[in-house]
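First comes the structure, then the notes that go with it.
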Amino acid sequence: MTLIIQSIFVRAGYPVNRRNGSTVCNQCADTDEVRLKFSPVTWTQCLYRNCDSPPSKLNGFVCQSFHTVFNAAPIIKNGSFYNPGTSACVSNFKVKDCSQTPSSYNIYVCQSCYQASGAIFALNIGNFYNTSTSACVASCPKGTTADNTNTCQPIPTKPGNSISCSSIGSCYGCGATSEIQNLFTAISDLTANYVCQSCYQASGAIFALNIGNFYNPSTSACVAFCPRGITADNTNTCQPIPTKPGNSISCGSGGRCSGCDTTSEIQNLFTQISGSNCKVIDCSQTPPSYNSYVCQSCYQVPGAVAALNIGNYYDPSTSTCITSCPQGTTADNTYICQQIPTKPGSNNISCSSSGTYKDQNIYSSG
């Protein structure tokens, strides 16, 4: 005896979305007769198992699952929408009358009446639907985005990290204006957030807020570090470094500080006070190059860097300020250490071979 087993080809439908995740397809129909013919394929999708056996009662999920399935029953294959008036699947719908404002409507009404001849303005204004105002709109408002049905949905937020910038349970200390304060939300009585610090390295934060946890007021932007010439205070705000002006000295010429050096690089370190009197603008920074006038102006200035504050003499051999000229040199009238000129003897004498080596070092031949 030969047992012949015939395989049955089952034409399954396409997966359809259900409203939320479940291990069963309860949302696909309101009766067991239809509901039990669906099987879950993912956490959010179900499909009709056998399109060769349509249910006695159709609905939107059945139409969507059957639509475009090869050789499916025509009444079901006609479209992916369900028309309760005819109890049939249809390819599309249209609003009966766009000249009247219905008591309530949705995105499909907006799409159907958009640019329809004679439609009232409320339904003709745009093909997007704003759920917060229950109205058709030309575009989704700020903070929302259109989903795949053109319905405006809130954009998922990307909250920042928790930081401390307030002390009484509100975020008033996080900005001088309500516009900035309203960007924050209090986490606890002693914790809130600054914008750059809070959004720095926060997942999903935009680049402008994620680039760094310092704030540069001169560019009104978050930065990875404070630019040259400024430093971060205790709130990570970039502030100009306080200058330490030097003492007034006389090195000007022609009402300017051009007499303080021959190069513009060093001249620009000075500012004129009056007449020939000039002073170094900032003794708290070591310039790339300087001269004796810089040493004199910055000497004993509180807050001056040690390199400029150490002394009011200038040694050209080391290009530094010093407390006194080294041996063999003497200061000229501008406090620059210069080699002491030698004074050779005027008469030649005859020296014997006797004497110490030390004595010989003071003579030269000729």
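Of all the strands (runs of 3 or more DSSP E) wholly in the stretch 188-295, which have at least 1 residues that are under 25 Å from Cys171 (Cβ atoms) and either free of Cβ contacts under 8 Å to residues at least 60 places away in the same chain or of a type in the set (Ser, Thr, Tyr) (or both)?
Those strands (runs of 3 or more DSSP E) span 214-216, 221-223, 230-232, 238-240.
If you go through the stretch 243-259 one residue at a time, do you hit one that is in contact with a strand residue (DSSP E or B) (Cβ under 6 Å, 6 or more places away or on another chain) and of a type in the set (A, V, I, L, M)?
Within the stretch 243-259 (the criterion being in contact with a strand residue (DSSP E or B) (Cβ under 6 Å, 6 or more places away or on another chain) and of a type in the set (A, V, I, L, M)), the answer is no, since none of the residues qualifies.
Could you say which residue among Phe81, Phe128 is touching a helix residue (DSSP H, G or I) at 6+ places or on another chain (Cβ under 7 Å) and not assigned by TED's automatic domain parsing to the domain that holds Thr149?
When all the criteria are applied, what remains is Phe81.
Is it true that Ser292 is in contact with a Gly (Cβ under 8 Å, 6 or more places away or on another chain) and among the small types (Gly, Ala, Ser)?
In short, no.
Might you let me know whether the stretch 177-190 holds any residue that is out of contact with any Ser or Thr (no Cβ under 9 Å at 6 or more places or on another chain), surrounded by fewer than 19 Cβ atoms within 10 Å (Cβ to Cβ) and modelled with pLDDT under 75?
yes
From Asn106, Asn78, Asn17, which residue is out of contact with any Asp or Glu (no Cβ under 6 Å at 6 or more places or on another chain), at pLDDT below 80, within 21 Å of Asn150 (Cα to Cα) and polar (S, T, N, Q)?
The match here is Asn17.
The values are calculated or read from the model by the stated rules, or taken from the named source; none is laboratory data. As the structure is a computational prediction, the values presented were derived from the model and not from experiment. Cβ: placed from backbone, ideal geometry, glycine included. Neighbour counts: every protein chain shown.
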